[in-house]
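Undergrad: The following block contains the structure, expressed as structure tokens.
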Amino acid sequence: MKWLKDDGYGLPILLAVSLHTIILVAGVVVVDFSDDEKQQPKRPVIVNATVIDISDTIIGKREAEERAAKQQAANAAAKRKQKAEQKRKKEAKQKALEAREKQLAQAKRVKEREAEAIKEKERQQAAERKRLEQESEKKRLAQEKELEKQRLDKQAEEKRKRKEQELIRQAEAERLAEEERKRQAESARLAEEKKQAEEAAAQTAAAEKERLRAAEEAQMVQSISSLINSRITSVWNRPPNARNGMKTQLRIYFLPNGEVRDTQVTKSSGDALFDQRAVDAVYKVGRIEELADVDSYTFERNFRQIDLIFNPQDLRN
């Protein structure tokens with residue numbers, strides 16, 4: 001410093017101040033404050049010193065400036081130190097924060113790795129469970145398939161046996177049916193032969209009956225026709241010009257009770273009076289009672305209307 005240089009007053013002033021300070025301190029130390037000892041009469045201290053206000057001198061001002069500069073430098077150094085300390089603390093805090101964050105990040109990464117490891121383990125366990133489940137499912141499906149195959153085989157065997165039994169039953173049924181068919185055919189043949197024989201007999205009998213009936217009917221028709229002819233002849237009024245060989249063909253319509261409903265000349269004799277007398281004779285007869293006893297079938301066939309040839313046999317030549 002400037003006040004410590006050899007050509008300055010700093011060193012002498014410093015020595016003087018130090019001397020006075022030592023004297024004052026020594027005086028204080030030497031003074032006895034105890035009350036036990038007898039108070040000695042105080043002797044007056046004779047100090048020949050002159051107090052000089054150094055601050056008013058050039059040296060004092062220079063020292064004050066230097067102290068101010070020192071204080072300012074100290075303050076600046078303290079500020080720098082404080083700033084450095086703050087910076088160091090901030091950096092330390094930042095480093096601690098970064099270290100904490102790094103630790104947290106590392107712990108997070110560790111946890112993530114652990115979580116990933118757990119997930120991977122869970123995935124592996126899930127994959128293993130899935131594999132086991134798939135294998136179990138495959139085994140189950142294989143067992144079901146085998147059981148289904150066995151069931152189908154059993155069904156097929158049962159179906160085959162049923163089919164064989166059915167074929168046997170069908171063959172037996174066909175054999176029985178064939179025997180029954182033959183028996184029925186034989187029965188039918190015998191029945192047909194019997195029927196034909198019966199029909200032939202019936203036809204023969206019917207034909208014979210019809211022949212007899214027809215003969216009887218023809219005989220009856222002939223008899224009644226002769227009866228009608230004789231009755232008409234019996235009531236016939238012979239005309240004067242009647243000659244042998246004259247004949248008139250009449251169509252007579254009868255009712256079921258034998259009454260004459262109508263009569264017509266279908267073939268003339270050539271003589272109108274002869275024909276008219278024959279018609280008059282029919283109406284004069286009026287009713288043939290025997291026709292009432294004839295059955296309706298025979299009546300309808302033979303007597304509903306009849307053609308009568310009126311030919312008297314007792315005429316003159």
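Undergrad: Can you run phi through the Karplus equation (6.51, -1.76, 1.60; θ = phi - 60°) for the stretch 295-301 and list ³J(HN,Hα) in whole Hz, with x for Gly and Pro?
TA: 5, 4, 4, 5, 4, 5, 6
Undergrad: Given H placed 1.01 Å from N in the peptide plane, which residues other than close sequence neighbours of residue 267 have an amide H under 5 Å from its amide H?
TA: Excluding prolines and chain starts, which carry no amide H, the hits are 249.
Undergrad: Tally Lys and Arg at +1 and Asp and Glu at -1 over the other residues with C-beta under 13 Å from the C-beta of residue 185: what net charge comes out?
TA: Its environment carries a net charge of -2.
Undergrad: Let me ask another. Mind checking the dipole of the stretch 161-317: about its Cα centre, +1 per Lys or Arg Cβ, -1 per Asp or Glu Cβ, Debye to the nearest 20?
TA: 440
Undergrad: For the stretch 121-158 and the stretch 192-267, compute the distance between their C-alpha centroids and round to whole Å.
TA: 106
Undergrad: Okay, moving on. For a test of the definition: using alpha carbon positions, the gyration tensor, and the 1.5 limit on a/c, classify the stretch 95-230 as rounded, prolate or oblate.
TA: On the way: a/c = 30.93, a/b = 4.60, b/c = 6.72.
It is oblate, given that a/c is not under 1.5 and a/b is not larger than b/c.
Undergrad: Under 1.5 on a/c is rounded, so check that first for the stretch 60-109, then, if it is not, pick prolate when a/b is larger than b/c and oblate when it is not; a ≥ b ≥ c are the square roots of the alpha carbon gyration tensor eigenvalues. Before the final figure, lay out the partial values.
TA: Numbers: a/c = 12.42, a/b = 12.09, b/c = 1.03.
Prolate shape, in that a/c is at least 1.5 and a/b is the bigger ratio.
Undergrad: Compute the length gained on full extension between residue 138 and residue 290: take 0.36 nm times their separation in residues and subtract their Cα-Cα distance, giving the result in nm to one decimal.
TA: Going from the current span to full extension adds 43.6 nm.
Undergrad: Could you provide, to the nearest whole Å², the per residue accessible area of the stretch 262-317 with probe 1.4 Å?
TA: 60
Undergrad: So, in nm, how far is label residue 116 from label residue 64 when the simple model puts each one 7 Å beyond its Cα toward the Cβ?
TA: Those two pseudo-labels are separated by 7.4 nm.
Undergrad: With only Lys, Arg, Asp and Glu charged, each at its Cβ (+1 for the first two, -1 for the last two), find how big the charge dipole of the stretch 56-136 is about the Cα centre; round to the nearest 20 debye. Intermediate values should be presented prior to the final figure.
TA: Working: 26 positive and 16 negative charges, 72 e Å.
Computed about the Cα centre, the dipole is about 340 debye.
Undergrad: Something else about it: Less than 11 Å Cβ to Cβ from residue 130, Lys/Arg counted +1 and Asp/Glu -1: what total charge do the surrounding residues give?
TA: For residues surrounding residue 130, the net value is -1.
Undergrad: At what distance in nm do the modelled label points of residue 79 and residue 180 sit from each other, each positioned 7 Å from its Cα along Cα→Cβ?
TA: 13.7
Undergrad: Can you tell me the Rg and Dmax of the stretch 160-317, counting just the alpha carbons, in angstroms?
TA: Rg then Dmax for the stretch 160-317, in Å: 31.9, 111.
Undergrad: Across the stretch 272-284, in residue order, what do the Karplus-derived ³J(HN,Hα) couplings come to in whole Hz, using 6.51 cos²θ - 1.76 cosθ + 1.60 with θ = phi - 60° and x for Gly and Pro?
TA: Per-residue couplings from phi come out as 5, 5, 5, 5, 5, 5, 5, 5, 4, 5, 4, 5, 5 Hz.
Undergrad: Spelling out what I want: for every residue of the stretch 253-258, take phi, set θ = phi - 60°, compute 6.51 cos²θ - 1.76 cosθ + 1.60 (Karplus), and round to whole Hz; glycine and proline get x.
TA: Values, residue by residue: 10, 10, 8, x, 7, x Hz.
Undergrad: Let me check I've understood the local charge: for residue 263, count other residues with C-beta under 10 angstrom from its C-beta, Lys and Arg +1, Asp and Glu -1. What total comes out?
TA: 0
Undergrad: Can I ask one more? By accessible area of protein heavy atoms, probe 1.4 Å, what ranking do 217, 98, 85 get, highest first?
TA: 98, 85, 217
The values are calculated or read from the model by the stated rules, or taken from the named source; none is laboratory data. Please read all numbers here as calculations on a predicted model, not as lab measurements. For neighbour counting, all protein chains shown are included, and Cβ atoms are generated from backbone atoms with ideal geometry for every residue, glycine included. What goes into the accessible areas is simple: the full protein's heavy atoms, side chains included, and nothing from ligands, DNA or RNA. Shrake-Rupley method; radii C 1.70, N 1.55, O 1.52, S 1.80 Å.
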